[in-house]
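Notes follow once the structure below has been shown.
The values are calculated or read from the model by the stated rules, or taken from the named source; none is laboratory data. Since we're looking at a predicted model, the values are computed, not measured. Backbone-built Cβ (ideal geometry, glycine too); neighbour counts: all protein chains shown.
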Amino acid sequence: QVSELVQFLLVKDQKKIPIKRKEHREHWDAYSEIVNRAGRTLQEVFGLQLVEIDTKRHTYILINNLPRPEGKYLCRDKEKEKMGLLLIILSFIFMKGNSVKDSALWEFLNLLRVYPGKQHRVFGDVRKLVTDEFVRQKYLESTPIPLTDPPEYKYQWGPRAEKETSKKDVLNFVAKVRPFWGHLWL
Amino acid sequence: ENREAMLNSKSNRLTEALEEANKLFDGVCRAREAALDAQFLVIASNIGKEKANELHSEMSAFDSTAFAEDLLTFMGINRTEVEETDDSEDVPGGFLPSDAWQTMGEEALKYFRRAPTFHYMMGSFKSEPPVPKQRIERQKKASRGKAERAMPAQLKEMEESHQEATEKEVERILRILQTHFENDPDTPISFFDFVIDPNSFAHTVENMFHVSFLIRDGLAKIRLDEDELPIIEPTKPSGRGEEDSRTRARNQVVISLDKREWK
């Protein structure tokens, strides 16, 4: 039963959308023991960590527990490019005090030739990618700003971002892009 | 209304509005008016909170424009003076190479502990059980059949076509031999007459290949006739006990045939 759950989790993780408990009810009734054992298997066999990101609604994600490998990542796929955009967005949010308005975010992305209304050569429908995909994957969290008309949203780091990376790592990235920043923030 | 104006850190509009609301409240004597006042307070406090937030970010000295420039540099932007108007990437400041986002992505991956997406290595299994294949009596093939069922769908198809083609051919040849013998039981066929295709050398070789299977499995035999020429005939399906197969001599013969000989 545990191996079935492990396989289920691995397949479900393909789209990076968090896995909810109720989707596989019959296995999760003997809940904690099986989930714990599945988690151990995932860790020992695959080096993946099963993390609960929502204790109320029992939602899980898989993250990579192995040390990052050296060298160039050979696969040239869309995933890589999306992670680039995501990292930039997360950095921006962080440097702006952990929360930004959507208008501010798009204003910034425009500077990188990324426009919400325009089909992007690499990302296609960018608006959908940011407001839909990244949010569903829990990399970003989008909250409506109350009493705004037309409704505006603010963006913050989502729980997956919190687990898969850290403020410290992101700060390192910002510093790497412009070494100059490091000293301003100490 | 006038939200942007109020948010402007240099304006006191928010304070003025609050003061005005205060004054108005003195004249309130109906519940509905008080409710409006409460509503106003909520909006005002939201604006106040946003103003406070903006104050904070101004003090942080984070220059997003500069950060964006740095990112473009990192992605390998080519800052030429010439203005390109043919491309959408013609915003003043330069020209992004096509692998710009690949470069960025390569760097970004280092910062995320992302689980690799899971894919089956060998493709998936067919959901229905495999259809049992037609077989002629071959013990070897029978045991192989079980192993084959475990192989994934794609591979299985390829193997089948190879084997079946050979099997079918061999079967066909056996039947031809047997039919001939049914019609004319006392005249064995000259081996060469049997296998040679006057029109195709390759086909001749193929025929010899298929006949060799029949010989190997004891379904046909080759012997030399009075003129020392090989003849071929099917073996009788008599109750072949173990005794029989042990006593029958099994010889290995290598036949070579090249194109000249064939002609």
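Of all the residues in the range B:228-251, those that are closer than 22 Å to B:Glu169 by Cα and modelled with pLDDT of 70 or more number 6.
Test A:Phe173 against the stated conditions and say whether it is under 18 Å from the mean Cα position of the chain (by Cα), more than 9 Å from chain B (Cβ to nearest Cβ) and touching a residue at least 24 places away in the same chain (Cβ under 8 Å). In short, no.
Here B:Phe40 fulfils each of the conditions (1) over 30 Å from A:Asn98 (Cα atoms); (2) modelled with pLDDT of 80 or more apart from (1).
One line per residue, one yes/no per condition, for (1) at pLDDT 90 or above; (2) in the same structural domain as A:Lys15 (by the TED database); (3) charged (D, E, K, R); (4) loosely packed, with under 13 Cβ neighbours inside 10 Å:
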{"site": "A:Pro144", "(1), (2), (3), (4)": "yes, no, no, yes"}
{"site": "A:Leu147", "(1), (2), (3), (4)": "no, no, no, no"}
{"site": "A:Tyr153", "(1), (2), (3), (4)": "yes, no, no, no"}
{"site": "A:Trp157", "(1), (2), (3), (4)": "yes, no, no, no"}
{"site": "A:Lys163", "(1), (2), (3), (4)": "yes, no, yes, no"}
{"site": "A:Pro179", "(1), (2), (3), (4)": "no, no, no, yes"}
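Could you look through the range A:134-152, keep only residues that are in a helix (DSSP H, G or I) and in contact (Cβ under 8 Å) with a residue 40 or more places away in the chain, and pick out the one that is nearest to the other protein chains (Cβ to nearest Cβ)? Only one residue tops the list, namely A:Phe134. A count restricted to the range B:202-227 and to residues that are out of contact with any Ser or Thr (no Cβ under 8 Å at 6 or more places or on another chain), over 17 Å from B:Glu169 (Cβ atoms) and either surrounded by 13 or more Cβ atoms within 10 Å (Cβ to Cβ) or among the hydrophobic types (A, V, I, L, M, F, W, C) (or both) stands at 2. Before we move on, is A:Phe123 surrounded by 21 or more Cβ atoms within 10 Å (Cβ to Cβ) and aromatic (Phe, Trp, Tyr)? When the stated conditions are applied, A:Phe123 does not pass them. Residues in the range A:73-84 that are more than 7 Å from chain B (Cβ to nearest Cβ) and over 14 Å from the mean Cα position of the chain (by Cα) were compared, and the one that is modelled with the highest pLDDT is A:Lys78.
Checking A:Ile61, A:Ile34 one by one, the residue that is of a type in the set (Val, Ile, Thr), surrounded by 15 or more Cβ atoms within 10 Å (Cβ to Cβ) and either modelled with pLDDT of 85 or more or outside any helix (DSSP H, G or I) (or both) is A:Ile61 and no other.
Summed over the range A:85-122, the residues that are within 8 Å of chain B (Cβ to nearest Cβ) and in contact (Cβ under 8 Å) with a residue 12 or more places away in the chain give a count of 11.
Matching residues to (1) under 15 Å from A:Arg113 (Cβ atoms); (2) modelled with pLDDT of 85 or more:
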position: B:His56; (1), (2): no, no
position: B:Met59; (1), (2): no, no
position: B:Leu72; (1), (2): yes, yes
position: B:Asn78; (1), (2): yes, no
position: B:Glu89; (1), (2): yes, no
position: B:Pro92; (1), (2): yes, no
position: B:Trp101; (1), (2): yes, yes
